[in-house]
Amino acid sequence: MTMATTTRKKLSWFLLCAVLLAVLPFMVGHVLGNSWVRIVDFTLLYIMLALGLNIVVGFAGLLDMGFIAFYAVGAYTYALLSSPHFGLHLPFYVSIPLGAIFAACFGLMLGTPVLRLKGDYLAIVTLGFGEIIRIFMNNLNAPVNITNGPQGINLIDPIQIGGVSLGESLHVLGLTFPSVYLYYYLFLVLSVLVVIMGMRLQHSRIGRAWVALREDDIAAASMGINIRNIKLLAFALGALSGGVAGGLFASFQGFVSPESFGLMESIMILAMVVLGGMGHIPGVVLGAIVLTIAPEILRDVIGPLQMETFGRMIVDPENARQLLFGLALVVMMLVRPAGMWPSRRRAAEFTDAKRDAAQKG
Amino acid sequence: MDIFVQQILNGLVLGSIYALIALGYTMVYGIMGLINFAHGEVVMFGAMVTISVINGLVGAGVSLPGPVLVVIGLLVAVPACMLLGYTIERIAYRPLRGAPRLAPLITAIGLSIVLQQTAILIWGRNYIPFPPILNHDVLNIFGASITKLQVVIIVMCQVIMIGLLLMVEKTRLGRAMRATSQNPAVAGLMGVNVNNIISATFVLGSGLGAIAGVMVATNYDQAHYYMGYMIGMKAFTAAVLGGIGNLGGAVAGGLLLGIIESLGAGYIGDLTGGFLGSNYQDIFAFMVLILVLIFRPSGLLGEKMADRA
Amino acid sequence: MAQTLLKIEGINKRFGGLHALSNVGLSINQGEIYGLIGPNGAGKTTLFNVLTGLYMPDEGTFVFDGQNLFRSKPHKVVAAGIARTFQNIRLFGEMSVLENVMVGRHIRSHAGALGAVLRGPGTRAEERAIREKSLELLDYVGISDVADERARNLSYGHQRRLEIARSLATEPKLLALDEPAAGMNPRETEDLKTLMSKVRDGGVTILLIEHDVKLMMGLCDRIAVLDYGKKIAEGVPEEVRKNPKVIEAYLGVAHE
């Protein structure tokens with residue numbers, strides 16, 4: 001096959017995907033209803049979150065179990081700046097970047113004291129940070145009401161782009177775009193940008209430095225890599241992505257409360273990265289899609305299924321969902337620890353590790 | 001001054017319980033170099049099973065004194081939790097011994113979730129009250145009040161911990177455990193069945209955890225499917241504070257953390273001019289954990305780590 | 001007149017109760033091959049780690065190429081011009097051979113996160129340059145045919161060469177080699193000697209730890225001898241070989 005035909009093939013695939021993605025909300029909306037388009041929108045948000053965490057865990061190899069905190073910071077910043085809460089209604093191009101920058105600062109604050117920690121210890125400390133942020137969000141309603149405590153902040157402004165509010169339907173060219181469709185396109189564009197950002201970082205001087213850090217931090221330091229700086233960079237960039245996703249979430253949902261930002265959410269995002277294929281961008285995207293969509297499907301199926309088989313509900317859907325999630329984590333690590341779609345490099349790391357352990361044992 | 005003594009006493013009760021749970025964490029870390037994330041859930045199971053047994057006996061009309069019922073409950077719960085601990089090690093940790101450190105951490109988290117959800121399946125989501133079979137007579141010490149039950153908790157913890165320390169120092173099993181934690185390969189060459197020792201460590205820690213679970217349930221008069229998480233975190237903090245891998249450290253760390261937390265909760269309003277209230281209590285453990293891991297990761301009684309760039 | 005490149009004086013390093021390095025001082029001249037020998041446990045690798053920023057010395061002075069590197073972090077040391085290899089080869093096993101060397105170029109390039117994401121012409125040109133230079137270095141040490149292999153799949157001898165290529169990528173003025181000939185047969189050792197001479201002739205000063213005393217005597221311009229953390233001799237090979245303290249350290253006190 002000549003160069004021209006290969007490029008033409010790639011181009012046709014690309015165009016096909018682009019067209020499919022463009023009409024996706026319509027297809028999903030008409031077949032499954034707009035509630036499922038909403039789920040697709042959340043999937044895109046989770047893709048952004050998972051890719052952000054992928055920079056920290058997948059690229060730099062730093063275990064972060066409190067990642068949701070950056071989502072929370074981004075979300076609350078937007079909520080405080082673009083809602084009736086303080087009477088500020090700043091436009092999105094101020095609130096979201098501010099939220100992202102604020103989140104990045106928190107990322108640096110988290111990263112600086114933990115530079116010497118590794119593995120389990122790092123996981124626990126980051127978990128602690130995440131919890132501390134949540135506890136503060138939950139309690140900063142007295143004596144001065146900043147976050148409105150457990151009730152959260154609602155009536156958050158939707159995003160307005162050039163006079164068009166994404167919170168209302170748009171009628172153009174004879175088509176009707178409900179709000180969830182509009183947000184879909186926005187999230188899709190941003191997700192693509194985050195994917196591109198991730199890919200470019202991966203195949204760059206910084207990306208190589210992160211792999212070196214992961215493989216052998218002492219050798220990496222001896223090659224002139226400023227370990228402190230690239231670790232902080234990973235935390236900051238991951239937090240930045242989380243913060244952007246958080247701001248988008250706040251505008252989309254219209255409401256934020258500490259409940260959405262607990263330990264389970266951090267674990268869920270970590271699971272998306274690890275079960276998808278740590279460090280491998282397509283794998284992480286797959287992980288985010290599977291772990292967002294599967295529980296939703298389960299939710300719709302588990303109730304009726306139990307009624308049919310047993311005549312009554314033995315396990316409530318939420319309980320079943322979590323139980324299966326926990327089982328999935330255990331089973332995946334035992335059966336396919338490199339993830340659903342690992343990079344060839346990572347899959348090889350696991351087989352080598354198993355071989356080394358077998359020889360030692 | 002009254003508050004001070006009261007909080008110290010509260011701290012001792014809490015701290016003794018933390019110490020008992022911390023021993024489980026520290027033994028496993030000493031032998032395998034990993035944090036058993038699911039340990040808190042074993043503690044929770046101990047509490048829940050005991051309560052169920054007691055409720056079952058009371059419901060069946062058995063009229064034995066309160067403490068006897070608790071002991072019977074423990075006689076069921078302790079072996080059950082030991083079995084649980086053994087199963088956790090075989091399923092989540094042993095198959096992943098050679099794998100990168102992330103894998104056993106994820107399985108542990110997964111198991112933790114599975115155990116919590118199973119608890120919901122069995123006992124529901126609500127707080128389960130502890131059966132009203134124990135009396136809560138209050139004693140007065142230096143102007144502060146403490147129940148007889150709490151005194152029993154403190155004493156029992158000390159007895160158990162001394163027993164454990166003696167076992168580790170003097171018995172063959174204890175020697176094998178110490179050898180394995182220092183150098184598993186060589187211990188194996190010396191005839192120690194490393195796999196069995198590791199299982200024994202988990203089983204022992206889980207048994208202690210079950211007892212601790214019952215103590216928590218009697219101290220707070222209730223149990224809940226989520227109770228393992230917070231108390232596990234705090235006990236882990238205690239283990240780190242004292243020097244992870246060090247049994248004496250777990251005890252010291254537990255008592256110290258309990259006292260820090262109680263004093264903190266008691267005085268936080270005054271300390272921060274009313275800005276923070278006792279609802280921030282849980283933060284103390286996290287703050288201690290973070291500060292210790294950053295500034296003195298070897299803990300109070302652990303070895304100082306090498307000075308590297 | 002030989003120009004001093006590296007000079008350390010009064011270096012002390014303690015680990016708790018263990019006094020690993022006691023008042024160690026030496027100076028290395030530009031363009032020489034300087035050897036460090038001594039019995040096992042004498043503190044050679046400890047000194048290496050101090051010179052490359054992995055250990056912080058407790059006392060002393062450390063001047064390199066006019067710069068004060070006392071207690072400097074590893075990346076500062078590399079930036080100043082000292083690169084090292086490790087006794088038990090620390091390659092980035094899962095990366096390719098070429099990528100390993102490209103990591104070595106990190107300190108001499110500067111594209112940051114922004115550059116990576118925007119990928120403008122400047123960044124792309126830098127990436128091309130990094131790749132080309134790395135290929136050149138692989139060729140220089142003689143392993144360009146395995147450029148795309150995973151580093152951990154290489155033979156032992158090739159791995160050693162890769163480590164040297166990676167260190168050379170940092171453009172060092174001083175290359176510190178920790179037992180590069182360990183585990184090599186005589187033929188491989190000869191090849192290594194040739195490579196080291198080639199590197200030195202290219203303008204890089206070499207600091208070398210080795211156990212093969214014969215190799216050292218033949219290769220090095222000057223040698224320092226450590227024993228129990230102290231320097232017991234320093235000078236040209238002929239002098240050092242005849243030094244009674246050195247003989248005693250290696251062979252024990254001569255029997256009457």
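In a residue-by-residue description of segment A:141-163, the property of being loosely packed, with under 15 Cβ neighbours inside 10 Å, touching a residue at least 12 places away in the same chain (Cβ under 8 Å) and either assigned to a loop (DSSP other than H, G, I, E, B) or of a type in the set (A, V, I, L, M) (or both) applies to at least one position.
Quick check: is even one residue across segment A:297-314 within 9 Å of chain B (Cβ to nearest Cβ), farther than 24 Å from B:ALA92 by Cβ and either under 21 Å from the mean Cα position of the chain (by Cα) or not polar (S, T, N, Q) (or both)?
So in segment A:297-314, the residues within 9 Å of chain B (Cβ to nearest Cβ) come out as A:314.
Add one more test, that the residue is farther than 24 Å from B:ALA92 by Cβ, and what stays is A:314.
With either under 21 Å from the mean Cα position of the chain (by Cα) or not polar (S, T, N, Q) (or both) added as a condition, the list becomes A:314.
Yes.
Go through the residues of segment A:187-200 one by one and say whether even a single one is over 20 Å from A:LEU90 (Cβ atoms), among the charged types (D, E, K, R), within 14 Å of chain C (Cβ to nearest Cβ) and surrounded by 21 or more Cβ atoms within 10 Å (Cβ to Cβ). No, that holds for no residue. Against the list (1) over 29 Å from A:VAL330 (Cβ atoms); (2) within 14 Å of another protein chain (Cβ to nearest Cβ), the condition B:VAL168 fails is (2). Across segment C:113-143, the number of residues qualifying as small (Gly, Ala, Ser), closer than 28 Å to A:LEU240 by Cβ and either surrounded by fewer than 15 Cβ atoms within 10 Å (Cβ to Cβ) or touching a Lys or Arg at 6+ places or on another chain (Cβ under 6 Å) (or both) comes to 4. For the criterion of being at the interface with chain B (Cβ under 7 Å from one of its Cβ atoms), on the phi < 0 side of the Ramachandran plot and not in a helix (DSSP H, G or I), A:PRO342 fails.
Residues are listed down the side, and each one gets a yes or a no for (1) surrounded by fewer than 17 Cβ atoms within 10 Å (Cβ to Cβ); (2) in contact with a Gly (Cβ under 7 Å, 6 or more places away or on another chain); (3) over 27 Å from B:ILE198 (Cα atoms):
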site	(1), (2), (3)
B:VAL5	yes, yes, yes
B:LEU12	no, yes, yes
B:TYR29	no, yes, no
B:GLY33	yes, no, no
B:PHE37	no, no, no
B:GLY40	no, yes, no
B:MET48	no, no, no
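Residues in segment A:316-327 that are of a type in the set (A, V, I, L, M, F, W, C) and either under 12 Å from B:PRO104 (Cα atoms) or facing another protein chain (nearest Cβ under 7 Å) (or both): A:LEU323, A:PHE325, A:LEU327.
Give the number of residues within segment A:1-57 that are assigned to a helix (DSSP H, G or I) and more than 30 Å from A:ARG214 (Cβ to Cβ). Of the residues in segment A:1-57, 39 are assigned to a helix (DSSP H, G or I) and more than 30 Å from A:ARG214 (Cβ to Cβ). Remark: A:VAL331 falls outside the filter, which requires a residue to be more than 20 Å from the chain's Cα centre (by Cα), part of a loop (DSSP other than H, G, I, E, B) and under 30 Å from B:THR118 (Cα atoms).
What residue, among those in segment A:253-276 that are closer than 25 Å to A:LEU186 by Cα and buried (at least 23 other Cβ atoms within 10 Å of the Cβ), is nearest to the other protein chains (Cβ to nearest Cβ)? Per the stated criteria, the residue is A:LEU270.
Residues in segment B:135-157 that are surrounded by 15 or more Cβ atoms within 10 Å (Cβ to Cβ) and either in contact with a Ser or Thr (Cβ under 7 Å, 6 or more places away or on another chain) or not aliphatic (A, V, I, L, M) (or both): B:THR147, B:LEU149, B:GLN150, B:ILE153, B:ILE154, B:CYS157.
Tell me, please, whether a residue that is over 30 Å from B:THR26 (Cβ atoms) and more than 9 Å from chain B (Cβ to nearest Cβ) can be found in segment A:129-140. Checked segment A:129-140: at least one residue is over 30 Å from B:THR26 (Cβ atoms) and more than 9 Å from chain B (Cβ to nearest Cβ). Residues in segment C:27-81 that are buried (at least 20 other Cβ atoms within 10 Å of the Cβ), in contact with a Gly (Cβ under 8 Å, 6 or more places away or on another chain), farther than 19 Å from C:ASP227 by Cα and within 14 Å of another protein chain (Cβ to nearest Cβ): C:LEU69, C:SER72, C:PRO74, C:HIS75, C:VAL77, C:VAL78.
Results for (1) surrounded by fewer than 24 Cβ atoms within 10 Å (Cβ to Cβ); (2) at pLDDT 85 or above; (3) more than 16 Å from B:LEU20 (Cβ to Cβ); (4) in contact with a Lys or Arg (Cβ under 7 Å, 6 or more places away or on another chain), shown as yes or no for each residue.
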site: B:ALA210; (1), (2), (3), (4): no, yes, no, no
site: B:MET227; (1), (2), (3), (4): no, yes, no, no
site: B:MET233; (1), (2), (3), (4): yes, yes, no, no
site: B:LEU256; (1), (2), (3), (4): yes, yes, no, no
site: B:ILE268; (1), (2), (3), (4): yes, no, yes, no
site: B:PHE275; (1), (2), (3), (4): yes, no, yes, no
site: B:PHE286; (1), (2), (3), (4): yes, no, yes, no
site: B:PRO297; (1), (2), (3), (4): yes, no, yes, no
site: B:ASP307; (1), (2), (3), (4): yes, no, yes, no
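Exactly one residue among B:ILE54, B:ILE21 is more than 30 Å from B:ALA99 (Cβ to Cβ) and either hydrophobic (A, V, I, L, M, F, W, C) or in a helix (DSSP H, G or I) (or both), and that residue is B:ILE54. The residues on offer are A:GLY149, A:GLY167, and the sole one that is more than 23 Å from A:VAL23 (Cα to Cα) and small (Gly, Ala, Ser) is A:GLY149.
Which ones in segment C:116-139 are within 14 Å of chain A (Cβ to nearest Cβ) and closer than 24 Å to C:ASP178 by Cα? Please lay out each step first, then the result.
Kept after step one, since they are within 14 Å of chain A (Cβ to nearest Cβ), are these residues of segment C:116-139: C:116-120, C:122-131, C:133-134, C:137.
Answer for segment C:116-139, where residues must be within 14 Å of chain A (Cβ to nearest Cβ) and closer than 24 Å to C:ASP178 by Cα: C:SER134, C:LEU137.
Scan A:ALA234, A:ALA239, A:ALA288, A:ALA245 and give me the residue that is outside any loop (DSSP other than H, G, I, E, B), surrounded by 23 or more Cβ atoms within 10 Å (Cβ to Cβ) and within 10 Å of chain C (Cβ to nearest Cβ). Among A:ALA234, A:ALA239, A:ALA288, A:ALA245, only A:ALA234 is outside any loop (DSSP other than H, G, I, E, B), surrounded by 23 or more Cβ atoms within 10 Å (Cβ to Cβ) and within 10 Å of chain C (Cβ to nearest Cβ). Entry remark, segment A:208-231: residues being in contact (Cβ under 8 Å) with a residue 12 or more places away in the chain, within 7 Å of another protein chain (Cβ to nearest Cβ) and part of a helix (DSSP H, G or I) number 3 in total.
Give segment A:23-49 a look and list any residue that's of a type in the set (Gly, Ala, Ser) and in contact (Cβ under 8 Å) with a residue 40 or more places away in the chain, or say none. Give the derivation first.
Step one: of segment A:23-49, the residues of a type in the set (Gly, Ala, Ser) are A:29, A:33, A:35.
A:GLY29 - this is the single residue of segment A:23-49 that is of a type in the set (Gly, Ala, Ser) and in contact (Cβ under 8 Å) with a residue 40 or more places away in the chain.
Annotation for segment C:11-25: at least one member residue is within 11 Å of chain B (Cβ to nearest Cβ), out of contact with any Ser or Thr (no Cβ under 7 Å at 6 or more places or on another chain) and surrounded by 15 or more Cβ atoms within 10 Å (Cβ to Cβ). Among the residues here, C:GLU149 qualifies as surrounded by fewer than 16 Cβ atoms within 10 Å (Cβ to Cβ) and touching a strand residue (DSSP E or B) at 6+ places or on another chain (Cβ under 7 Å).
Just checking, does segment A:165-186 include any residue being within 14 Å of another protein chain (Cβ to nearest Cβ), assigned to a helix (DSSP H, G or I) and farther than 21 Å from A:HIS85 by Cβ?
As a first pass, look at segment A:165-186 and keep what is within 14 Å of another protein chain (Cβ to nearest Cβ): none.
Checked against the condition, which is being within 14 Å of another protein chain (Cβ to nearest Cβ), assigned to a helix (DSSP H, G or I) and farther than 21 Å from A:HIS85 by Cβ, segment A:165-186 yields no hits at all.
Selection within segment C:140-173: residues that are among the hydroxyl-bearing types (Ser, Thr, Tyr) and part of a helix (DSSP H, G or I). The member of this set that is nearest to the other protein chains (Cβ to nearest Cβ) is C:SER167.
When segment B:96-117 is filtered for residues that are within 28 Å of A:MET313 (Cα to Cα) and more than 7 Å from chain A (Cβ to nearest Cβ), the ones remaining, listed by number, are B:SER112, B:LEU115, B:GLN116.
The values are calculated or read from the model by the stated rules, or taken from the named source; none is laboratory data. Computed from a prediction, not measured in an experiment: that's the story for all the values here. Neighbour counts run over all protein chains shown; Cβ positions are idealised from the backbone, glycine included.
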